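Trainee: Shown below is the structure under consideration.
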Amino acid sequence: MNRVYIKTYGCQMNERDSDAVAAMLRGKGYSLVDNEFDADVVLLNTCSVRDQAEQKAIGKAGHLAKRKRKDPNFILGIMGCMAQNRGDELVDKLPDLDLVVGTQKFHRVPEHLDSMIATLQGQGPRPDTIVDLAEELDSQNTIKSHVDDKLQVTAFVSIMQGCNMKCSYCIVPKTRGAERARPMDEIVKEIKELAAKGTREVTLLGQIVNQYGIREFPFVDKKSPFVQLLEKVHEIEGIERIRFTSPHPVGFKDDLIECYGRLPKLCEYLHFPMQSGSDRILKAMRRPYSIEKFRSIIKKMRAVRPDMYISTDVIVGFPGETEEDFELTRKHFEEIGFDMAYLFKYSVRPDTTAEPLGDPVTKEQKEERNQILLEILGKRSLERNQALVGTVEEVLFEGPAKKGENMFLGRTRGNRVVLVKASPRLVGQFAPVKFERATASTLFGELVLEGVEAQSA
Ligand code: SAM
Ligand code: SF4
């Protein structure tokens with residue numbers, strides 16, 4: 001009864017939390033499997049950012065719950081943001097659930113599973129659903145030891161939890177609680193352990209990473225705690241690439257911009273959420289910057305690193321978004337030239353300040369606006385990739401590609417996905433690749449070092 005499958009919905013933060021739970025479970029003797037059919041326990045790590053994400057997970061849980069009628073020992077749990085957001089309501093809706101674990105309680109999953117399995121094996125009555133959603137002081141420090149023996153070429157490292165902003169559309173402050181920073185030394189220790197086990201690239205995670213530790217730690221030499229952390233991570237031997245997500249224009253100051261000129265491990269890739277190109281909508285969203293301020297930061301970044309790749313988040317169809325507002329979003333989106341973007345259709349979220357505004361922009365309008373941005377993105381992304389054809393760049397190989405014999409997936413420093421025919425020995429290694437052809441999402445290339453090719457034959 002110890003085979004566990006974790007299915008993750010949503011963002012990198014959720015991926016990271018799932019990895020942490022998996023590592024804790026492995027440490028306790030559970031085995032992690034890669035599909036629900038081979039599992040005795042299925043845990044859904046959920047997302048609440050949009051209603052659609054919640055409905056998907058609820059549908060999946062309903063489907064899995066049917067299995068319990070045939071297999072009474074099967075265990076089903078929901079963790080993460082939707083557990084936090086919906087709580088007991090989930091148990092009313094899905095009475096077959098065994099576990100409902102909130103965002104500050106991931107570290108308790110192994111103990112809850114142990115006790116549930118012990119009761120089932122003791123042939124006692126089936127225990128009631130365990131619902132564990134309370135806030136926990138210092139919970140940001142509880143799931144740090146997720147480094148296990150599985151090779152993670154690239155790793156997400158959570159440097160903080162929660163969010164203190166009040167963007168009017170966003171449920172995250174409700175599901176993730178107030179902003180709490182992890183101590184710098186613990187983060188550095190975790191990354192050193194990752195490096196010792198083969199990790200070459202880290203992505204530092206937080207809802208507003210550049211606000212890291214702003215209340216907990218002092219500025220030193222006019223450098224923010226986040227910049228101090230970047231410097232410390234930069235010193236770690238074995239880590240060759242550093243990324244972070246997501247920064248916010250608020251607090252994106254010159255001390256951070258100039259890091260790109262002096263910390264070579266900091267990749268020329270920035271995920272920088274714009275949300276809207278209309279100041280009127282940004283204000284209604286409670287995003288405390290103007291589009292000009294947003295663009296001025298990008299301009300400064302490109303002055304320091306002209307080859308910077310920039311991605312963003314945009315919400316289309318926020319309540320009150322007129323054609324004129326959207327035209328501003330379209331214009332700035334095109335002029336800035338994003339290389340990648342997550343485009344979201346606005347979804348009303350409970351208990352947010354925008355909730356009372358309803359959802360007046362129609363589904364069709366949202367779809368149309370989304371398509372317009374997608375087209376711009378596709379064109380720009382293809383142009384940027386095509387410009388790389390014929391050039392050579394260093395690629396970090398992450399693992400086998402989903403399709404294709406002997407095909408392996410890697411990324412450039414600019415976060416472009418690269419597919420190359422190679423050998424498994426290249427996983428975890430850097431190698432120069434000459435790009436031969438490009439689509440909007442992928443570069444296809446060939447290894448250029450004879451030595452590496454010979455080794456991989
Ligand atoms: N903290 C990050 C920031 O401030 O940019 C964003 C984190 S949020 C989990 C990821 C993205 O989801 C947001 O940038 C936003 O574009 C999108 N999002 C959040 N709430 C949404 C909603 N109610 N409807 C549609 N998209 C939403
Ligand atoms: Fe949500 Fe805004 Fe916080 Fe990002 S900064 S998590 S969008 S409230």
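The values are calculated or read from the model by the stated rules, or taken from the named source; none is laboratory data. Worth saying up front: this structure is predicted, and the values here are computed from it rather than measured. Counting neighbours? That spans all protein chains shown, and the Cβs are built from the backbone with ideal geometry, glycine included. We work out accessible area using only protein heavy atoms, side chains counted, and drop any ligands, DNA or RNA first. Shrake-Rupley method; radii C 1.70, N 1.55, O 1.52, S 1.80 Å.
Trainee: Taking the Cβ of Q84 as the centre, find all other residues whose Cβ is under 14 Å away and add up their charges (Lys, Arg: +1; Asp, Glu: -1).
Mentor: -2
Trainee: Let me ask something else. Using 0.36 nm per residue, how much length does the chain from E446 to E235 gain when fully extended, once their Cα-Cα distance is taken away?
Mentor: Going from the current span to full extension adds 72.8 nm.
Trainee: Also: Pairs of alpha-carbon atoms within less than 8 angstrom and 6+ residues apart define the contacts here; what relative contact order does the chain have, in percent?
Mentor: Dividing the mean separation by the residue count of the chain yields 10 percent.
Trainee: If packing is taken as the average number of other Cβ atoms within 10 Å across a peptide's residues, how do 157-164, 213-220 rank, most packed first?
Mentor: Packing order, densest peptide first, comes out as 157-164, 213-220.
Trainee: Could you tell me which of Q371, V348, V427 has its Cα farthest along the dipole of the chain towards the positive end, charges placed at Cβ (Lys, Arg +1; Asp, Glu -1), taken about the Cα centre?
Mentor: Looking along the dipole axis, the top candidate is Q371.
Trainee: Here is a further query. Grab the Cα-Cα distance for R425 and A118, subtract it from 0.36 nm times how many residues apart they are, and report the gain in nm with one decimal.
Mentor: 106.3 nm
Trainee: Moving on to the next point. Restricting the count to DSSP beta bridges whose residues both fall in the chain, what percent are antiparallel, rounded to a multiple of 5?
Mentor: Once the DSSP bridges in the chain are tallied, antiparallel ones form about 35 percent.
Trainee: Across 10 Å bins from 0, what is the distribution of all Cα-Cα pair distances for the range 1-53, in whole percents?
Mentor: With a bin width of 10 Å, the distribution comes to 26, 50, 21, 3.
Trainee: Which GluC sites (Glu not before Pro) from the range 14-118 combine a DSSP loop assignment with at most 14 other Cβ atoms within 10 Å?
Mentor: Within the range 14-118, no GluC sites (Glu not before Pro) qualify (loop, at most 14 other Cβ atoms within 10 Å).
Trainee: About the Cα centre, and with charges only on the beta carbon of Lys, Arg (+1) and Asp, Glu (-1), how big is the dipole of the chain? Nearest 20 debye, please.
Mentor: About 240 debye.
Trainee: Based on the Kirkwood radius over alpha-carbon pairs, what is the Stokes-Einstein translational diffusion coefficient of the chain at 4 °C with 1.567 mPa s viscosity, in µm²/s?
Mentor: Approximately 55 µm²/s, per Stokes-Einstein.
Trainee: No partner Cβ under 4.7 angstrom, meaning no disulfide-compatible partner by this rule: which Cys of the chain qualify?
Mentor: C11, C47, C81, C163, C259, C267
Trainee: Please work out the average accessible area per residue across the range 310-457, using the 1.4 Å probe convention, and give it in Å².
Mentor: 50 Å²
Trainee: Can you report the principal axis dimensions of the range 272-343 using only the alpha carbons, biggest first, rounded to whole angstrom?
Mentor: Over the range 272-343, Cα extents along the principal axes are 37, 21, 16 Å.
Trainee: Related question: Which whole-number percentage describes the relative contact order of the range 21-146, with Cα contacts under 8 Å and a sequence gap of 6 or more?
Mentor: Result for the range 21-146 is 25 percent.
Trainee: Under 16 Å from the 7 Å Cα→Cβ point of L357, by amide nitrogen: which residues of the range 275-293?
Mentor: 275-291
Trainee: Full-extension gain between E405 and L382, please, as 0.36 nm times their residue separation minus the C-alpha to C-alpha distance.
Mentor: 5.8 nm
Trainee: Extending each Cα 7 Å along its Cβ direction at A303 and A134, get the distance between those two points in nm, one decimal.
Mentor: Label at A303, label at A134, 5.3 nm between them.
Trainee: Any idea what the relative contact order of the range 154-268 is, in percent, if you count C-alpha pairs under 8 Å spaced at least 6 apart?
Mentor: About 28 percent, as a whole number.
Trainee: Using a Förster distance of 41 Å, how high is the FRET efficiency between N73 and E323, based on the Cβ-Cβ distance and rounded to 0.05?
Mentor: 0.10
Trainee: Also: With a 1.4 Å probe and all protein chains left in place, how much of the accessible area of the chain comes from carbon and sulfur atoms, in whole percent?
Mentor: Looking at the chain in its full context, I get 51 percent from C and S.
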